[in-house]
Amino acid sequence: MPWNEKDYPVSMKNMKKVVRDKAIEIANALKEEKYSDQRAISIATEQAEKWYRDHRKGKEENPFLKSKRDQE
């Protein structure tokens with residue numbers, strides 16, 4: 001039975017929701033490929049955290065760049 005946002009591995013309970021949702025998505029895909037639950041959870045957790053870090057790159061304002069307001 002696939003995991004979902006209400007029924008997911010205990011090890012994902014402290015993740016940010018967006019990261020947990022991605023981890024669930026990845027873990028379910030790995031389970032379809034016949035990975036064991038533990039292996040799917042481990043890989044999915046690592047990959048979801050990496051996805052989140054990569055997804056956040058460039059989203060945070062660089063404190064060394066002037067904002068458009070400062071340039072006026």
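The values are calculated or read from the model by the stated rules, or taken from the named source; none is laboratory data. Just so we're clear, the structure is a prediction, and the values are computed from it rather than from any experiment. SASA here: full protein model, heavy atoms, side chains in, ligands and nucleic acids out. Shrake-Rupley method; radii C 1.70, N 1.55, O 1.52, S 1.80 Å.
Computed values, structure above
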{"quantity": "Alpha-carbon radius of gyration plus Dmax, which is the widest Cα pair, for the range 1-51 in Å", "calculated": "9.5, 27"}
{"quantity": "Rounded accessible area of residue 31 (nearest 10 Å², 1.4 Å probe)", "calculated": "60"}
{"quantity": "Karplus (6.51, -1.76, 1.60) ³J(HN,Hα), θ = phi - 60°, over the range 37-43, in Hz, Gly and Pro reported as x", "calculated": "4, 4, 5, 4, 5, 4, 5"}
